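For reference, the structure discussed in these notes is given below.
The values are calculated or read from the model by the stated rules, or taken from the named source; none is laboratory data. The structure displayed is predicted, hence computed values, not measured ones. Positions of Cβ are backbone-derived with ideal geometry, glycine not excepted, and every protein chain shown enters the neighbour counts.
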Amino acid sequence: MVLPLLIHPINITIELHDPDVQVFHGREPMHGARSSSLITIEAQAKWTRQEDQNMEDGGVRPASDGYILIRKKDMDNAGVAVDVDDKITTLGHDEYENLFIVKKTPMGHYPDQDGSSLIKFHFEDRSPTVTVKSEHGGATLE
């Protein structure tokens, strides 16, 4: 069984989302807090901007800023399952704070793979917008 190759693979780090983990600050729960489960895995990454959310026959297509492509066998060997709402913290040497996986698509259905051999994860940059003062005195969003 020959595994599909990744084009220009890099190591990425993903913080897995665990909805059952509740983090407290003192006595108060911190809503939206993440677990500390980090994994590093080899993937192919591409930055590409898709248009905003659109209605399609199958439902809403979420916007994305790019995708990572991971071999299913690599995830199985690592014993992890990357999924929607997981947070990408590094792509190669670059660190990020607000990259979240928004869509998961199985791909690479080859006869000798017994199902999909690649998983494409679309990600979105959820960094807050920055207000910049324009030359004409008004505020614009960047």
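Condition check ((1) surrounded by 17 or more Cβ atoms within 10 Å (Cβ to Cβ); (2) of a type in the set (S, T, N, Q); (3) at pLDDT 90 or above) across all residues:
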| position | (1), (2), (3) |
| --- | --- |
| Leu38 | no, no, yes |
| Ile41 | yes, no, yes |
| Asp57 | no, no, no |
| Ala78 | no, no, yes |
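Only a single item in (1) under 26 Å from Leu3 (Cα atoms); (2) of a type outside the set (A, V, I, L, M, F, W, C); (3) touching a residue at least 60 places away in the same chain (Cβ under 8 Å) is not met by Glu124, and it is number (1). The set of residues in segment 94-121 being within 15 Å of Leu5 (Cα to Cα) and buried (at least 16 other Cβ atoms within 10 Å of the Cβ) consists of Gly108, Gln113, Ser117, Leu118, Ile119, Lys120. Would you point out the residue of segment 87-115, among those that are more than 22 Å from Ser64 (Cα to Cα) and either assigned to a strand (DSSP E or B) or in contact with a helix residue (DSSP H, G or I) (Cβ under 7 Å, 6 or more places away or on another chain) (or both), that is modelled with the highest pLDDT? So, considering only residues that are more than 22 Å from Ser64 (Cα to Cα) and either assigned to a strand (DSSP E or B) or in contact with a helix residue (DSSP H, G or I) (Cβ under 7 Å, 6 or more places away or on another chain) (or both), the one modelled with the highest pLDDT is His109. Within segment 62-86, the only residue that satisfies the criterion of being of a type in the set (Gly, Ala, Ser), free of Cβ contacts under 8 Å to residues at least 60 places away in the same chain and either in a strand (DSSP E or B) or under 13 Å from Asp125 (Cα atoms) (or both) is Gly66.
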